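A short worksheet on the structure shown next.
The values are calculated or read from the model by the stated rules, or taken from the named source; none is laboratory data. In this text the structure is predicted, and so the values were computed from the model without any measurement. Cβ atoms come from the backbone with ideal geometry, glycine included; neighbour counts cover every protein chain shown. The protein model used for the area step is the full one, side chains on, heavy atoms only, and it has no ligands, DNA or RNA in it. Shrake-Rupley method; radii C 1.70, N 1.55, O 1.52, S 1.80 Å.
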Amino acid sequence: MKKLIATALATAMVFSSAMAASAAQVGIVLPTKDEPRWLQDQASFEAVLDEAGFTSDVLFSQGSSATELTNVESLIEDGIEVLVICAQDAAAAGAAVQKAKDAGVTVVCYDRLITGTDAVDYYVTFNSFAVGVAQGQFLIDAYEGQTDVPLYLYSGAVTDNNAFIFFAGAWSVLSEAVANGQFVVENCPAIEEYVGTVLDVDADHDALADILGTITTNWDFAVAKTLAEGNLVAADADAKGDVAILAPNDGTARAIADAFTDDADVTSYVITGQDAENASLKYIQDGKQSMTVWKNTATLAETTSALVSAILAGEDVETDAVYNNQVIDVPSVEEAVTVITADNLGELIEAGNFSQEAIDGAE
Ligand code: BGC
C-alpha cells in the first residue's frame, strides 16, 4: 500500500513537473504547417522569443477553426499570459479570442486581423495595403506604354481580412490603368462597375466581398490552378498573348503560372506573388514568376516580442497604426515590405537573407 502511494506521488510529481516544463507565457497559434510562409514565422518566433527569455509554445490550426479553438483552449489551460494568433478565419476566431480574454489573457492578432469582436488588444502586421500596391504597380510598370493588355485577377481567401486589403491595394493603382486602357480585365465582370474607382477596405467591404467571391483562390494551390484553367478555357485567343496576372501570394502564383504556361495561346505572362517562399524564388530565377513581396518574418517576430515584453512588464505598448475590425479600432504596429525580382534577388542572397541551396532544394 505504502509503495503504491509512493508510486502515485512520484507519478504526480513527474506529471506536475512536466506540466511546469510545458507551461508557456506566450502561446502562438498559426494557420497551417502546409504553407512555407507559416514555417518561416514559426522559426522566427522560436528564435526571437527564446532569446528574449520567454517560454512559448507554437501550435498550428491546420486549416480548421475548430482546431484553432482547441489550440487556444489548451494554451489557456497551460497558463499563457499573452496569446499571439494568426486566425484561420477572421470572423470564426472571435469565439477563441473571447475565451482567452475571459481568462485574462492579452490577445495579439498576428498578420491577420480578427474581425467582429472587441476581444482583441493589439494587431501586429505587415503593411498589407502596400503589398497590394506593389503587386499592382509592378504589372503597370511591366507593361508601360502598352494598351489593351489582358489582365487576370486572383485573390486570397474571403475569410481572411488580408485578402481584402491586398486586393484593395492592388486595385488602388490598377483601377486607373484599366480606366485609361492599359489593361482589359478578362476574368472578373464584377469589377467592371468599379473601373476608375478606388475601393476602400472598410467602406466598400461588401462590394469587395462580392468581387473577391468570383476570383478567390481560397489560398489553395489546387483551387487556384482550377480557377485559372477555367478562366483560360473561357477566354478567346485575343484575351491571351502577352498577359498580366495579379496573383495574391507565392503558392497560388506558382499554381496559376503553371496553368498559363500550359496554354498554347499565352505567349508570355507577368505574374505577381508574395511571401518570398524558396520555391517562388526558384521560379523567379527560372523566369516563371516575375516578382514576390518579401515580408521579413524575423522583423515581425521581433516586433511581436517587443510588444509581448511590454505587455508582460505592464509597460505602455507603443503602436503606430490603427485598424478597425468592424467593432473596435485596434492599436497596431505595421512593418514595411520589400519587392523582390530577378534584379535584386542575387544581392539578397549574397547578404545572407536567402540561401541558394535552400532555393535549389525547394519544391
Ligand atoms: C498572409 C500571406 C499568406 C496568406 C496565405 C495571408 O494572410 O498575409 O502572407 O500568403 O495569408 O496563407
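Within region 101-114, does at least one residue satisfy the condition of being more than 16 Å from the ligand (Cβ to nearest atom), more than 21 Å from GLY156 (Cβ to Cβ) and in a helix (DSSP H, G or I)? Yes, region 101-114 contains at least one residue that is more than 16 Å from the ligand (Cβ to nearest atom), more than 21 Å from GLY156 (Cβ to Cβ) and in a helix (DSSP H, G or I).
In region 38-51, the qualifying residues are those that are over 24 Å from TRP219 (Cβ atoms) and open to solvent by less than 50 Å² (accessible area, probe 1.4 Å), and the one that is farthest from the ligand (Cβ to nearest atom) is LEU49.
Within region 74-85, restricting attention to residues that are outside any helix (DSSP H, G or I) and buried (at least 24 other Cβ atoms within 10 Å of the Cβ), which residue is nearest to the ligand (Cβ to nearest atom)? Top of the filtered list is ILE85.
So, GLN88, is that one of a type in the set (S, T, N, Q), within 30 Å of SER172 (Cα to Cα), part of a helix (DSSP H, G or I) and open to solvent by 30 Å² or more (accessible area, probe 1.4 Å) or not? No: the conditions fail for GLN88.
All conditions but one from (1) buried (at least 23 other Cβ atoms within 10 Å of the Cβ); (2) not assigned by TED's automatic domain parsing to the domain that holds ASP41 apply to ASP111; the one that does not is (2). What number of residues within region 169-202 are within 27 Å of VAL330 (Cα to Cα), within 22 Å of the chain's Cα centre (by Cα) and not hydroxyl-bearing (Ser, Thr, Tyr)? Number of matching residues: 8.
Every residue in region 54-73 that is open to solvent by 60 Å² or more (accessible area, probe 1.4 Å) and more than 19 Å from the chain's Cα centre (by Cα), please. Of everything in region 54-73, those that are open to solvent by 60 Å² or more (accessible area, probe 1.4 Å) and more than 19 Å from the chain's Cα centre (by Cα) turn out to be THR55, ALA66, THR70, GLU73.
A count restricted to region 14-37 and to residues that are surrounded by 20 or more Cβ atoms within 10 Å (Cβ to Cβ), at pLDDT 95 or above and either more than 13 Å from VAL308 (Cβ to Cβ) or within 16 Å of the ligand (Cβ to nearest atom) (or both) stands at 4.
Quickly run through region 241-254 and pick out the residues that are among the small types (Gly, Ala, Ser), more than 8 Å from the ligand (Cβ to nearest atom) and crowded, with 24+ Cβ neighbours inside 10 Å. If you could, list the steps in order and put the result at the bottom.
The initial filter retains those residues of region 241-254 that are among the small types (Gly, Ala, Ser), namely 241, 244, 247, 251, 253.
Then keep just the ones that are more than 8 Å from the ligand (Cβ to nearest atom); that gives 241, 244, 247, 253.
Of everything in region 241-254, those that are among the small types (Gly, Ala, Ser), more than 8 Å from the ligand (Cβ to nearest atom) and crowded, with 24+ Cβ neighbours inside 10 Å turn out to be ALA244, ALA247, ALA253.
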